[in-house]
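Novice: Sharing a structure with you now.
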Amino acid sequence: MIPIKSERDLKVMRKACSVAATVLDRLCKVAREGVSTLEIDMAAKKIMSELSCRSACYHYRGPDSRYPGYVCISVNDQVIHGIGTADRILKSGDIVSMDVSVVYQGFVGDNTRTVFIGEVAPETRKLVEATDIALHKGIAAARAGNRVGDISAAIQAYVESCGYGIVEEFTGHGVGRHMHEEPQIPNYGKAGTGPLLRAGMTLAIEPMITMGSPEIFVGEDGWTVYTSDGKPSCHIEHTVLVTDAEPEILTIPMQD
């Protein structure tokens, strides 16, 4: 069953997503040359405390262990689920994906942004820009009356037109009282297929795109996912509300 959020639910969900987006927005200012990924993770812990929310991924149960970080911090060829460490120091030319998922008053907000560190190669910059465009093409298809496959197909068509790879082993998903709800939202698929979208569904849409091969592997820590060919990957995500009109992006930072 795909949860349909009531107006009461959505009032809190909007706030949870706004808080998640604010945490991410502040973290993007922390990520710079010379900073370790552990410093970013500790900054996330502090910001979450200040905003009265908690990490949805800290101690999240995996197949063999619990996730040790407050946010997922993935650098260059790390696709998703990177763990902050003291010895990973950001340098000019890196790209960093920060996946922030928080729980606020019983609801989850989930979003990811990939940022540039210093001077980034033009081809890497193009990868990030294309991933962002693909995300928004997917969001545009998240309309009541469409199907999940319409989101997937919109993302796939644009990514493949750019010549990039699509990671198939991980998908977007529903989100609400839990970080992972139905439906799964692959970044590839056939239009007109899959579950019907209805107003009140809240979806985490998140293309994971590679510059080269879409083949991946999981590192020795049991969490971090890498591209098999060592080429860069990009991950960008928003939580979106399906409505009877235009889709509504919920993960918008609070105004100062």
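The values are calculated or read from the model by the stated rules, or taken from the named source; none is laboratory data. It should be emphasised that the depicted structure is a prediction, and the values quoted were computed from it without experimental measurement. For accessibility, only protein heavy atoms count, side chains too; no ligands or nucleic acids. Shrake-Rupley method; radii C 1.70, N 1.55, O 1.52, S 1.80 Å.
Novice: 5 Å is the cut-off here: which amide hydrogens, built 1.01 Å from N in the peptide plane, fall below it relative to Arg54, excluding neighbours closer than 5 in sequence?
Specialist: Here the answer is Val103, since their amide H atoms fall under 5 Å of that of Arg54.
Novice: So what's region 182-238 giving for Rg/Rh, alpha carbon basis, Kirkwood Rh from the mean inverse pair distance?
Specialist: Numbers: Rg = 14.5 Å, Rh = 13.7 Å.
Result: Rg/Rh = 1.06.
Novice: Multiply the residue separation of Glu220 and Met254 by 0.36 nm, subtract the distance between their alpha-carbon atoms, and state the gained length in nm to one decimal. Walk me through the numbers on the way to the answer.
Specialist: Numbers: separation 34, 0.36 × 34 = 12.24 nm, distance 3.74 nm.
That works out to 8.5 nm of additional length.
Novice: If you only keep lysine pairs separated by 8 or more in sequence, or across chains, how many in the chain come under 29 Å at the Cα atoms?
Specialist: So the count works out to 28.
Novice: Based on DSSP H runs of at least 4 residues, each adding -39500 (n - 2.57), what is the mean residue ellipticity at 222 nm of the chain after dividing by all its residues, to the nearest 500 deg cm²/dmol? Kindly include the intermediate steps, with their values, before the conclusion.
Specialist: Details: 4 runs with 71 residues, N = 256.
Computed ellipticity for the chain at 222 nm equals -9500 deg cm²/dmol.
Novice: Go through Asp229, Asp77, Asp94, Asp87 and list them by solvent-accessible area, largest first, probe radius 1.4 Å. Could you put the intermediate results ahead of the total?
Specialist: Values: Asp229 65, Asp77 40, Asp94 5, Asp87 130 Å².
Largest accessible area first, the residues go Asp87, Asp229, Asp77, Asp94.
Novice: D for region 106-252, whole µm²/s, Stokes-Einstein with Kirkwood Rh over alpha-carbon pairs at 25 °C and 0.890 mPa s: what number? Write out the running numbers ahead of the final one.
Specialist: Numbers: Rh = 15.5 Å.
Stokes-Einstein gives a translational diffusion coefficient of 158 µm²/s.
Novice: So what is log10(I(q)/I(0)) for region 23-95 at q = 0.20 1/Å, when the Debye sum runs over its Cα atoms only?
Specialist: Result of the Debye calculation: -0.85.
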